[in-house]
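Worksheet for the structure shown next.
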Amino acid sequence: MRKQYLSPALFHHFKDPVMIVDGSMQYLFDEKGRRYLDAFAGIVTVSVGHCHPEVNRAVIEQTQRLQHTTTIYLHNQVAEYAKELTDRMPGNLKVAYFVNSGSEANDMAMMMARLYTHNHDIITLRNAYHGLSEATMGLLGQHTWKCAVPQGAGVHHALNPNPYRGAWGNDGRRYAADVADLIQSATPGKVAAFIHETIQGVGGAVPLADGYLPAVYKMVREAGGVCIADEVQTGFGRTGSAYWGFENQGVVPDIVTLAKGIGNGLPLAAVVTTPEIAAVLAARLHFNTYGGNPVSCAAGRAVLRVIDQEGLQANCAAVGGHLVEELRRLQGKHDIIGDVRGRGLMVGIELVKDRTSKEPAVAEVAQVFERCKDLGVLLGKGGLHGNAFRIKPPMCWTTADVDFLVAVLDQALSEL
Ligand code: PMP
């Protein structure tokens, strides 16, 4: 039925696809009742756990009372949620605009940056992923997701500060020099924005080299631009060492975009910015039908409560630390593991045919990915070359889950 009635654009990566019909915290179940450990959380979307009882309760209560009207009426959920969300942001990031997807949030962030600065040019990174609307496709730095449609007017792709594959290793300031060069050579000397993920998610869980963001934020602001952090994958404590990914490099953005884990699976996304930048949208009419609907906001509020009550940021730090340690141990055993990287429960593994040439081991990744599924673990896979595993589980993972994953990976890699 999927083949017959759904767009052929839908892909599933598996030779033998899996059908998931139930979920409970870090586990998923297929239609035959077989249990899988979820290491991908629906692409980092299920933040606090599948069907978390507190999120369920909030959603059911709100659903039974009122599902949706429109933002032209007042409602407590959206206002209280905006306060609770922005209370968790640093600096003057105190105003939220709710939408339904990460692409929409980034579309809005681009527009607000251009309106606020009166500049047009936007700097993004190679290997970036910010969505698949036409505007955000222009920001994308991976050919695999790009279509031959008009996109990216005024957008410039800077060198990716990739500590594993980049020319300057983990020295962020050297990559930042490329941004200065881009501003001088490809723009009128003024830019609207610089946009970045803080660990590139779809790109294969690639962290930005140390010291990169402070250097680039300074250059971009000197050129009249604002800095946009796309926290769609890295937010809400997932990196363990900070609540927001950007805090790991000690910067405070002017605009933050949020989606995926923000609603634990419900359609919810947000643009958070300063009152001054937010004001630019009030010059015209702006409206989003489902944005800020009470049910999604109830879920968003429950997610914030659960993260606090269950200490999930600290859990990500502890369990993620154990994960990276165990994966590095596995790297000592299997030469094919070229790189283990990430923070907290946002981790990537790159398989290479040779550690010196770093030639991507694409077929091997596909084989291990399928085998892990058969052994009961659902991993993520990606990266520009398709040779990276992405491990971004629900934040309720335990060290026992890590040990199971590592045992399964060890077996699958040994069978190669
Ligand atoms: N930004 C990032 C960092 C993402 O990973 C994604 C989705 N993979 C998006 C934006 C786009 O989100 P959506 O699919 O909800 O439009």
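The values are calculated or read from the model by the stated rules, or taken from the named source; none is laboratory data. In this text the structure is predicted, and so the values were computed from the model without any measurement. Quick reminder, even Gly has a Cβ in these numbers, built from the backbone with ideal geometry, and neighbours come from all protein chains shown. For accessibility, only protein heavy atoms count, side chains too; no ligands or nucleic acids. Shrake-Rupley method; radii C 1.70, N 1.55, O 1.52, S 1.80 Å.
Here are the numbers:
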read-out	value
Selection count, segment 26-66, where residues are assigned to a strand (DSSP E or B) and either of a type in the set (F, W, Y) or crowded, with 17+ Cβ neighbours inside 10 Å (or both)	7
Answer from G141, G49, G102 - the residue that is within 30 Å of T399 (Cα to Cα) and not charged (D, E, K, R)	G49
Every pair of residues 6+ apart whose Cβ atoms lie under 9 Å, when the first sits in segment 82-106 and is within 17 Å of F236 (Cβ to Cβ) and within 16 Å of the ligand (Cβ to nearest atom) while the second is assigned to a strand (DSSP E or B) and open to solvent by 20 Å² or more (accessible area, probe 1.4 Å)	A105/Y97
Residue within segment 201-223 that is open to solvent by 10 Å² or more (accessible area, probe 1.4 Å), under 12 Å from the mean Cα position of the chain (by Cα) and closer than 20 Å to E104 by Cβ present	yes
Complete set of residues in segment 1-24 that are assigned to a loop (DSSP other than H, G, I, E, B) and loosely packed, with under 13 Cβ neighbours inside 10 Å	M1, L6, S7, P8, A9, L10, F11, H12, K15, D16, P17, M19
Of the criteria (1) more than 13 Å from the ligand (Cβ to nearest atom); (2) touching a strand residue (DSSP E or B) at 6+ places or on another chain (Cβ under 8 Å); (3) part of a loop (DSSP other than H, G, I, E, B), which one G204 fails	(1)
Test for Q331: is it in contact with a strand residue (DSSP E or B) (Cβ under 8 Å, 6 or more places away or on another chain) and open to solvent by 30 Å² or more (accessible area, probe 1.4 Å)	yes
Selection count where residues are in contact with a helix residue (DSSP H, G or I) (Cβ under 7 Å, 6 or more places away or on another chain) and open to solvent by less than 60 Å² (accessible area, probe 1.4 Å), scope segment 67-84	5
Hits in segment 224-265 - residues which are within 12 Å of the ligand (Cβ to nearest atom) and among the aliphatic types (A, V, I, L, M)	I228, A229, V232, V256, L258, A259, I262
Residues satisfying the stated conditions in segment 312-328, i.e. under 11 Å from G240 (Cβ atoms) and open to solvent by less than 30 Å² (accessible area, probe 1.4 Å)	L312, C316, V319, G320, L323, V324
Any helices (runs of 4 or more DSSP H) falling wholly within segment 285-388 and containing at least 3 residues that are under 28 Å from L258 (Cβ atoms) and touching a Leu at 6+ places or on another chain (Cβ under 8 Å)	294-309, 312-333
Failed condition for Q151, given (1) part of a loop (DSSP other than H, G, I, E, B); (2) away from the ligand (no atom under 16 Å from the Cβ)	(2)
Every residue from segment 312-357 that is out of contact with any helix residue (DSSP H, G or I) (no Cβ under 8 Å at 6 or more places or on another chain), in contact (Cβ under 8 Å) with a residue 60 or more places away in the chain and over 23 Å from Q411 (Cα atoms)	A314, N315, C316, A317
Residue in segment 170-193 that is more than 21 Å from A223 (Cβ to Cβ) and in a loop (DSSP other than H, G, I, E, B) present	yes
Residues of segment 157-169 satisfying the condition of being farther than 20 Å from L132 by Cα and outside any loop (DSSP other than H, G, I, E, B)	none
